[in-house]
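J.: Structure in structure tokens, see below.
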Amino acid sequence: MLQFCLSQQPEAPPYAFKATGIRVYSFEEALYHVFRYWRESVDDVLSDGMVTWVADLGLTYLAARMKDLKKVDSFAERMVGFLTLAQYFDEKEIAGLTGELTRWEARREWEQLKERGDYFLSRNEPYKALPLYRRALQYDENVPLLNNLAVAQMRLSGYGEALRLLARARVLDRENVALALHYAEAAILSGQFERGERALQKAEASPPHTADIPYLYGLMAYERHDYPAALGFFEDAAARDATVPLYIYKMADTYLRMRKFDTALEVLQRVQKPDEEYHTKQAEIYAAYGNFPAAIRAIKQALTGGESVNLWVRLAAYYRQDYDLARANDSITRALSLDGENDTARLENARIKKGLGRIREYQAGLTEVLRGFKQRYRTE
């Protein structure tokens, strides 16, 4: 059945959802986004910003109803109330989602926040996971939360903070071997090798003996720049479990540090199922010795697996370094359309604008990135 759009303004301003970065231009698009990505939309639905946007669309009567919905105590009722403000979904669709929302609401607050944080961590967006995990810790301090927050910190190179979090988690669960290994990794990456070695020795004393143990010994040798020793440990880890591509990727990294580019590419061929990370690593190696056309091809291959802000940023950077600023600009525009708040994307955007000679946009971009850093520093 043909449905007419409630908002008929020809130049309607977009609303950008914070978590997904997706921009919508009509109320119906907002409804679909919330229905499709309701976990990621919980901070936007009925927010002051969204209410103002709906009013700006000329839908003042819906904006007033949204304000009333904010007073409803039940999360599930608020969400369903919003989704039924217009006759966009059928009863079966609403009934199915209502059950899911009700079950989710029944869970404890920290679990809901952790679930949302885990989602962003799985998408390799740890900067979005951090505030959710921190909010969850205000409700309950437990091992899964401390561990996952530490993992997010490590992905953002916050190794000292990760070590502190994992030390607290180990107080709560002293016999957890996985925690000991994560603690060892954080210690190694923060340069505290003696702590890392003690944690590894404790893990070795408690079966099962996973391939992660030689891998972490290899990581310690790698961080100490003892690359031959590192390669031996990584080979040992890969021999124990050939299904884990991480061990092979780290071998490739080691050969890259040794500037043995061809050997690094050969090692990658041992990965059993090439995936997004495989092609990204391949691109890193090509870029390291200046073969940017090959790096661009590899990133394009990685992008066939789905949209990724990080991959679009990499593609933009490789185009820029290959002096193809037009394609670099197209790629970074795509990245920013997916996540306009991504600092890495905004920084790369500034570099490209500088290359294009658009100095005012370059300076404005740098100012935005700096402002974002300051805001995060104040809230952490």
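The values are calculated or read from the model by the stated rules, or taken from the named source; none is laboratory data. Since this is a predicted model, take the numbers as computed values, not measurements. As a convention, Cβ positions derive from the backbone with ideal geometry for all residues, glycine included, and neighbour counts pool all protein chains shown. Ligands, DNA and RNA are excluded from the accessible area calculation, which covers all protein heavy atoms including side chains. Shrake-Rupley method; radii C 1.70, N 1.55, O 1.52, S 1.80 Å.
J.: Please pick out the residue among ILE285, ILE296 that is among the hydrophobic types (A, V, I, L, M, F, W, C), modelled with pLDDT of 95 or more, under 25 Å from LYS353 (Cα atoms) and buried (at least 18 other Cβ atoms within 10 Å of the Cβ).
T.: One residue alone meets the criteria, ILE296.
J.: OK, next. Would you tally the residues in segment 130-145 being of a type in the set (Phe, Trp, Tyr) and farther than 21 Å from HIS182 by Cα?
T.: 1
J.: If I ask for residues that are among the basic types (Lys, Arg) and within 16 Å of LEU97 (Cβ to Cβ), which ones from segment 48-85 would you list?
T.: Residue satisfying the conditions is ARG78 alone.
J.: Among all residue pairs at least 6 apart or on different chains, which show Cβ distances below 7 Å where the first residue, located in segment 132-143, is acidic (Asp, Glu) and the second is open to solvent by less than 70 Å² (accessible area, probe 1.4 Å)?
T.: ASP140/TRP110
J.: Does segment 126-147 contain any residue that is under 27 Å from GLY160 (Cβ atoms) and of a type in the set (Val, Ile, Thr)?
T.: So far as segment 126-147 goes, yes, one or more of its residues are under 27 Å from GLY160 (Cβ atoms) and of a type in the set (Val, Ile, Thr).
J.: For segment 247-282, which residues satisfy the criterion of being loosely packed, with under 15 Cβ neighbours inside 10 Å, modelled with pLDDT under 95 and closer than 25 Å to VAL313 by Cβ?
T.: Matches in segment 247-282: LYS273, ASP275.
J.: When the residues of segment 81-109 are filtered to those that are in a helix (DSSP H, G or I) and open to solvent by less than 30 Å² (accessible area, probe 1.4 Å), which remaining residue is nearest to LEU46 (Cα to Cα)?
T.: Step by step, filter segment 81-109, then rank; the result is PHE82.
J.: Among residues belonging to segment 312-362 that are in contact with a Phe, Trp or Tyr (Cβ under 7 Å, 6 or more places away or on another chain) and either among the hydroxyl-bearing types (Ser, Thr, Tyr) or part of a loop (DSSP other than H, G, I, E, B) (or both), point out the one that is farthest from TYR127 (Cα to Cα).
T.: Result: ASP322.
J.: Related question: What is the residue count in segment 22-39 for residues that are within 27 Å of the chain's Cα centre (by Cα), open to solvent by less than 20 Å² (accessible area, probe 1.4 Å) and closer than 26 Å to THR102 by Cα?
T.: Going through segment 22-39 one residue at a time, the tally reaches 5.
J.: Specify the residue that is nearest to ALA237 (Cα to Cα); the eligible residues are those in segment 199-217 that are among the small types (Gly, Ala, Ser) and surrounded by 13 or more Cβ atoms within 10 Å (Cβ to Cβ).
T.: ALA211
J.: One residue is enough: does segment 311-326 have a residue meeting the conditions within 24 Å of TYR15 (Cα to Cα) and open to solvent by 30 Å² or more (accessible area, probe 1.4 Å)?
T.: Yes, some residue in segment 311-326 is within 24 Å of TYR15 (Cα to Cα) and open to solvent by 30 Å² or more (accessible area, probe 1.4 Å).
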